[in-house]
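Here the structure comes first, spelled out in structure tokens, and everything after it is commentary.
The values are calculated or read from the model by the stated rules, or taken from the named source; none is laboratory data. Quick caveat: nothing in here was measured; it's all calculated off a predicted structure. For neighbour counting, all protein chains shown are included, and Cβ atoms are generated from backbone atoms with ideal geometry for every residue, glycine included. For the accessible areas, the whole protein counts, side chains as well, though only heavy atoms, and no ligand, DNA or RNA atoms are used. Shrake-Rupley method; radii C 1.70, N 1.55, O 1.52, S 1.80 Å.
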Amino acid sequence: MKKARLVDIAAAAGVGLATVERVLNERGSVKPQTAEKVVLAAKRLGYKGNIPSLYRGTIRIEVILVRPESPFFSRLNRAFERIAASLDSSITVNRTFVEENDPEKFAAHVANSSIRRHGLIVAAVDHPAIRESLRKARAAGVEVVQIVSYLTGRDDVFVGIDNYAAGRTAGFYISRMLQHVTGSIIAVCHSWAYQIHRERIRGFSDYLGAEGRSKLMFSEVVFGRDDDVQSAELLAQALRRCPDIVGVYNAGGANLGVGSVLQRFHEQRRGECVWIGHELNDETRRFISSGLMTLVLDQAPETQARRALDTILSRMGIIDVPVSQDPVPFLTYTAENIGT
């Protein structure tokens, strides 16, 4: 790596050379916000000279999430809350929930220059306005990490599971469990707004297609936008169209809605179908314990929260430990290992 020069720091921080010299030599007369930009740029470039600790006590990281009412994002939010409480008092973590269905509002919040932040952790739908707002945040020197899902053409670090592998894993289990059964399979997900749902469904479909098994047919995908009522209504309609359903893969949320429909479906036809879903929570634990749900793939939000914060702090030079860039391992739960 080329040795960082003062002129390189000036370019990275978007300030003049004289400002860099004043900050690094601690001569004062520089606004705190500007001094922070210089110090962070010097850290990021690996400057070997003296770097003052002007920014300590002012590290601000914002976490932007959606749908606080959903079991998954509620769990992720609690994980950030617990971890933030354990950090040094010089680091503050603010958690903000923004309307999922208003990407322009989401982008405007990211672009709000009145909010001082050094790091940004974002879970967002894939939308051009949000992509552009994140690009501008990076250009302004903000460290950006995308968590859970990511936007196409991303330039940021992504913290999350391998969602294509998760979809293939669901396909593996459902095909093995139904290897002697003939019938149709339905998948449920939010929509194509999230890259991760596209990847899960693609992995699921690819695995079932590669199996070449004529007894099972992947009939359709239901887009319920992770809303319990909407998902339940659409799944019920799909079950009426395909009465030979033997398997359901819920690649998103709305497990409560899916479970209510499958419970009635089982009672009416006096049979069962394999149901694989995502995220271990009170709802899915209850469904698994009752035998209605077969298996759940959990994407370990606590691990994602910890790694996302560590990534921000590492890239800022606050901590000097390697942070894995590999996908976060997802966990498989059945009635045999969910505990009581």
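Scan segment 147-157 and give yes if some residue there is at pLDDT 95 or above and among the small types (Gly, Ala, Ser), otherwise no. Among the residues of segment 147-157, not one is at pLDDT 95 or above and among the small types (Gly, Ala, Ser), which makes the answer no.
Could you tell me whether segment 13-29 includes any residue that is among the hydroxyl-bearing types (Ser, Thr, Tyr) and in contact (Cβ under 8 Å) with a residue 24 or more places away in the chain? Walk me through how you get there before you give the answer.
Filtering segment 13-29 for residues among the hydroxyl-bearing types (Ser, Thr, Tyr) gives 19, 29.
From the residues that got through so far, the ones that are in contact (Cβ under 8 Å) with a residue 24 or more places away in the chain too are none.
Scanning segment 13-29 turns up no residue that is among the hydroxyl-bearing types (Ser, Thr, Tyr) and in contact (Cβ under 8 Å) with a residue 24 or more places away in the chain.
Taking each residue of segment 326-340 that is within 14 Å of Met293 (Cα to Cα) and open to solvent by less than 70 Å² (accessible area, probe 1.4 Å) and looking for partners that are assigned to a loop (DSSP other than H, G, I, E, B) and not β-branched (Val, Ile, Thr) with beta-carbon atoms closer than 8 Å, six or more apart or interchain, yields Tyr333/Leu280; Ala335/Gly291; Ile338/Leu280.
Would you say Arg264 is open to solvent by 80 Å² or more (accessible area, probe 1.4 Å) and under 25 Å from the mean Cα position of the chain (by Cα)?
no
Considering only segment 81-97, I want to know if a residue exists there that is part of a loop (DSSP other than H, G, I, E, B) and buried (at least 18 other Cβ atoms within 10 Å of the Cβ). Write out each step before concluding.
In the first step, residues of segment 81-97 are kept if they are part of a loop (DSSP other than H, G, I, E, B); the result is 87-90.
Within this subset, residues satisfying the condition of being buried (at least 18 other Cβ atoms within 10 Å of the Cβ) are none.
No, there is no match, as no residue in segment 81-97 is part of a loop (DSSP other than H, G, I, E, B) and buried (at least 18 other Cβ atoms within 10 Å of the Cβ).
Could you look through segment 269-324, keep only residues that are open to solvent by 20 Å² or more (accessible area, probe 1.4 Å) and in contact with a Phe, Trp or Tyr (Cβ under 6 Å, 6 or more places away or on another chain), and pick out the one that is farthest from Glu69 (Cα to Cα)? For segment 269-324, the residue satisfying everything is Thr294. Among the residues of segment 15-36 satisfying the criterion of being modelled with pLDDT under 90 and assigned to a loop (DSSP other than H, G, I, E, B), which is nearest to Ile59 (Cα to Cα)? So the residue we want is Lys31. Can you tell which of Ala165, Ala210, Ala193 is modelled with pLDDT under 95, surrounded by fewer than 22 Cβ atoms within 10 Å (Cβ to Cβ) and within 20 Å of Phe72 (Cβ to Cβ)? None of the other options fit; the residue is Ala193. Within segment 35-80, restricting attention to residues that are closer than 21 Å to Ala123 by Cβ and among the hydroxyl-bearing types (Ser, Thr, Tyr), the residue that is surrounded by the fewest Cβ atoms within 10 Å (Cβ to Cβ) is Ser74. Just one residue in the set Val248, Val229, Val222 is under 30 Å from Gly160 (Cα atoms), open to solvent by 30 Å² or more (accessible area, probe 1.4 Å), touching a helix residue (DSSP H, G or I) at 6+ places or on another chain (Cβ under 9 Å) and of a type in the set (Val, Ile, Thr); that residue is Val229. Checked against the criterion of being surrounded by 12 or more Cβ atoms within 10 Å (Cβ to Cβ), of a type outside the set (D, E, K, R) and without any contact (Cβ under 8 Å) to a residue 60 or more places away in the chain, the candidates Pro32, Pro103 yield just one match: Pro103.
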